[in-house]
Amino acid sequence: MERRVLPQARGTARPSLPGRKLALGASIAFSLVAAAPLNAQAAAPAACAALQEKYPDWKGKTLVNAINPHTPGYETIDPKDPSKYIGFDIDLGEAIGECLGFKLTYKAVTFAALLTTLAAGQADIVISDIYATKERAKAADFITYSKVFDGVLVAKGNPRGINGINLSLCGAAAAENTGYVEVPLIQALIPECKKAGKPEPTIQLYDNNANCIQAILAGRADTYINDVNTVDSAVKAYPDKLEKAVAVTIPYSVGIAVPKNKPKFRDAVLAALIEVQKAGTHMELLKKHGLDVNNFMEPEILTAD
């Protein structure tokens, strides 16, 4: 579920969307196991065997995926077994690893710390609904794999009449995740609101989606703008208290982040993702986790160059 312009990384980081910006943040240094993914097996066994031969450096290895496990549908702690993570990104990463012959463990961190954790060598890859942007590509290379649609979450009845990332936000309090691309998009409205003679929007920064949603429920914030699937999940959880005012298109893609100094690994992940998509696993996982199949996109590489 990105957008933005702040230094560093959702997305795209959910970005951030478009997943989201890179800022320093404290990490929660514990690792859990992923729940068994939808078996991607035959992401063409022959094709994957060929990739393992072409890219042997990672076969039989265990790599670390840095995640921010607070995005339902994408990556969360399994409520039935807190020793596991579940979600689309978890399953997709497992499918890519299966194709290339490696396994994944997980390092949970704040969203703002995803790319810093990768850059510090504390993780090998980031598959965590982070929006791929040119700004974030200064810190990591990206393999994009999902289109981005944001939802505008508001209190039931939409008392402030918010209808997008526009002047309807003037005077509103927006709860957002630190480092998300939505932050600069809202900040860009400040001069426009002033020019229109309206009060400027304010932004409350939080470390995860749950806290942003709680800010609206508690009456501290008027809106939360994030990946549309996250917003829809919040409305489903609190149908009498929340609603989606509108869905908006954001000009970013969700991507997998890898270290900039490992182009061979980047190319290997891209090749494996292509095979996973050919096998139909990507689309199956979107359906399995209740995500919009229109998010599907063929992978591309995004770098700062």
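The values are calculated or read from the model by the stated rules, or taken from the named source; none is laboratory data. Bear in mind that the values here come from a model prediction, so they are computed numbers and not experimental data. Cβ placement follows ideal geometry from the backbone for every residue including glycine, while neighbour counts extend to all protein chains displayed. Surface accessibility is based on the protein's heavy atoms, side chains included, excluding ligands, DNA and RNA. Shrake-Rupley method; radii C 1.70, N 1.55, O 1.52, S 1.80 Å.
Calculated accessible area for the chain comes out at 40 Å² per residue, all protein chains present (probe 1.4 Å; ligands, DNA, RNA ignored).
Distances between placed amide hydrogens fall under 5 Å for ALA173 paired with THR202, ASP222, THR223, all partners being 5 or more residues away or on another chain. Sequentially through the range 176-193, phi angles give Karplus couplings (6.51, -1.76, 1.60; θ = phi - 60°) of 9, 7, 4, x, 6, 5, 5, 4, x, 5, 6, 4, 5, 7, 4, x, 5, 5 Hz, Gly and Pro residues having no value and appearing as x. Ordering MET283, MET297 by accessible surface, largest first, gives MET283, MET297; the 1.4 Å probe counts only protein heavy atoms, with every chain in place. Each part gets one Cα centre, and for the range 229-305 versus the range 162-217 those centres are 24 Å apart.
So which of LYS134/LYS262; LYS107/LYS262; LYS107/LYS236; LYS84/LYS262; LYS138/LYS264; LYS80/LYS287 end up more than 23 Å apart by C-alpha?
Working: LYS134/LYS262 18 Å; LYS107/LYS262 20 Å; LYS107/LYS236 28 Å; LYS84/LYS262 28 Å; LYS138/LYS264 18 Å; LYS80/LYS287 21 Å.
Among LYS134/LYS262; LYS107/LYS262; LYS107/LYS236; LYS84/LYS262; LYS138/LYS264; LYS80/LYS287, the Cα-Cα distance tops 23 Å for LYS107/LYS236; LYS84/LYS262.
Ranking LEU51, CYS99, VAL183 by Cα position along the charge dipole of the chain, where only Lys, Arg, Asp and Glu carry charges on their C-beta atoms, puts VAL183 farthest toward the positive end.
Using θ = phi - 60° in the Karplus curve 6.51 cos²θ - 1.76 cosθ + 1.60, the 3J(HN,Hα) couplings for the range 116-127 round to 5, 5, 5, 5, 7, x, 8, 8, 9, 7, 10, 10 Hz; x is entered for Gly and Pro. I'm spelling it out carefully: the read-out is volume of the Cα convex hull per residue in Å³, the candidates are [x] 134; [y] 112; [z] 243, and one was derived from this structure. Which label? It is the one labelled [y].
Tally up the carbon and sulfur contribution to the accessible surface of the chain as a whole percent, 1.4 Å probe, everything protein left in place. Intermediate results must be reported in sequence, preceding the final value.
Values: 6540 of 12090 Å².
Whole-percent figure for carbon plus sulfur exposure: 54.
Secondary structure note: in the chain, about 65% of the DSSP beta bridges are antiparallel.
Projected onto the charge dipole of the chain (+1 at Lys/Arg Cβ, -1 at Asp/Glu Cβ, origin at the Cα centre), which of ILE274, ASN208, ALA247 gives the Cα projection farthest towards the positive end? Of the options given, the answer is ASN208. Its Cα centre serving as origin, the chain has a Cβ charge dipole (Lys and Arg +1, Asp and Glu -1) of approximately 480 debye.
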